[in-house]
Amino acid sequence: MQVFLQTIIGGVSLGAVYALVALGFSLVYRTMGLVNFAHGNVVTVGAYLASTFYLTTRLPFALAMVIAIAVTGAIGLVIERVLRPLENRDFDLMLIGTIGFGIVLDALVIAIWGATGRAVPSPVQTEPIDLLGLRIRTYDLVVLAIAAAATVLLVLFLSRTKRGAAMQAVAMDHEAATAVGIHVGRSNAIAFMIGAGLAALAGGLVGPLLYVSPALGGALGIKGFAAAILGGFGSIPGAIVGGLAIGVLDSFTAGHFQGYSELVTFIVFTVIIMVRPTGVFGERTVNRA
């Protein structure tokens, strides 16, 4: 039982990161009906920016994260603004456009930071907490707390603010939202900006847990995408549940199957989706203009 609980604890912190990535996917999809395939590459950019500000410029970790989120959020705005003219012409081209942006971001990461990657030391140097025989890394608790706070702030923004309500209306029906005076383009831009910010937050937090390299965003992007599908694409609660589920599943397969852990994780994921194609919380229907 102790090994079982320790495995769960080990998977929850990574699961929280996957949930943040899944939230970025889901937010853009529920607002625009668009799968942003550049999202994983944005995670990579956020991870490198956060590690650069933390290691190279010697800024405090929290400040480095804030700056990385702001810069990456601006990148999200640029992506949306470039793709906006395609929205009412050819939606498939927007989809292809996100893939193109992903390739560009990947090339920029390698051009700026190189292809070797870097190790990021934990900003929390305290000893692990010993609780009933279970060892919990303090940084894992920090990751969970930050991910939970970001999720709560996102939910409050969507449910308690006028701009959040406007984004909800756009998600339900673009034409009706436009008819009542809601600026659809602005809502889409905010969705991309927040999604990119969540990607940067995930990338920055995962740096001390994993090795920051150009391949990091691809791995996190796939797991976050799987988490969003598992929870129900476009569902905020689903992204959280899916992220934690993928994280715990990852932890169990890594402990029992070692070199085949990725394969086993996605086999289990595929079986679950075959049983419930709409995900845990069902698939949100998005009306397109």
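Only one entry in LEU34, LEU27 is touching a helix residue (DSSP H, G or I) at 6+ places or on another chain (Cβ under 7 Å), surrounded by fewer than 24 Cβ atoms within 10 Å (Cβ to Cβ) and closer than 24 Å to GLY231 by Cα, namely LEU34. Once the stretch 130-158 is narrowed to residues that are within 17 Å of ALA239 (Cα to Cα) and of a type outside the set (A, V, I, L, M), the residue that is surrounded by the fewest Cβ atoms within 10 Å (Cβ to Cβ) is PHE157. Answer with yes or no whether PHE225 is surrounded by fewer than 18 Cβ atoms within 10 Å (Cβ to Cβ) and at pLDDT below 95. It is false that PHE225 is surrounded by fewer than 18 Cβ atoms within 10 Å (Cβ to Cβ) and at pLDDT below 95. Scanning the stretch 168-192 for residues that are modelled with pLDDT of 85 or more and surrounded by 21 or more Cβ atoms within 10 Å (Cβ to Cβ) turns up SER187, ASN188, ILE190, ALA191, PHE192. In this entry, THR7 is excluded by the filter for residues that are more than 15 Å from the chain's Cα centre (by Cα) and open to solvent by less than 10 Å² (accessible area, probe 1.4 Å). If the condition is being out of contact with any Gly (no Cβ under 6 Å at 6 or more places or on another chain) and either under 19 Å from GLN6 (Cβ atoms) or free of Cβ contacts under 8 Å to residues at least 40 places away in the same chain (or both), then the stretch 222-249 contributes ALA245, ILE246, LEU249. Within the stretch 69-81, can one find any residue that is open to solvent by less than 10 Å² (accessible area, probe 1.4 Å), of a type in the set (A, V, I, L, M, F, W, C), under 19 Å from HIS183 (Cα atoms) and within 17 Å of the chain's Cα centre (by Cα)? Among the residues of the stretch 69-81, at least one is open to solvent by less than 10 Å² (accessible area, probe 1.4 Å), of a type in the set (A, V, I, L, M, F, W, C), under 19 Å from HIS183 (Cα atoms) and within 17 Å of the chain's Cα centre (by Cα), which makes the answer yes.
What number of residues in the stretch 233-265 are more than 18 Å from the chain's Cα centre (by Cα) and open to solvent by 20 Å² or more (accessible area, probe 1.4 Å)? Write out each step before concluding.
At the first step, the residues of the stretch 233-265 found to be more than 18 Å from the chain's Cα centre (by Cα) are 251-265.
Now restrict to residues that are open to solvent by 20 Å² or more (accessible area, probe 1.4 Å): 251-252, 254-260, 262-264.
Going through the stretch 233-265 one residue at a time, the tally reaches 12.
The values are calculated or read from the model by the stated rules, or taken from the named source; none is laboratory data. Quantities reported herein were computed from a predicted structural model and do not represent experimental measurements. So basically every Cβ, Gly included, is an ideal-geometry build from the backbone, and we count neighbours across all protein chains shown. What goes into the accessible areas is simple: the full protein's heavy atoms, side chains included, and nothing from ligands, DNA or RNA. Shrake-Rupley method; radii C 1.70, N 1.55, O 1.52, S 1.80 Å.
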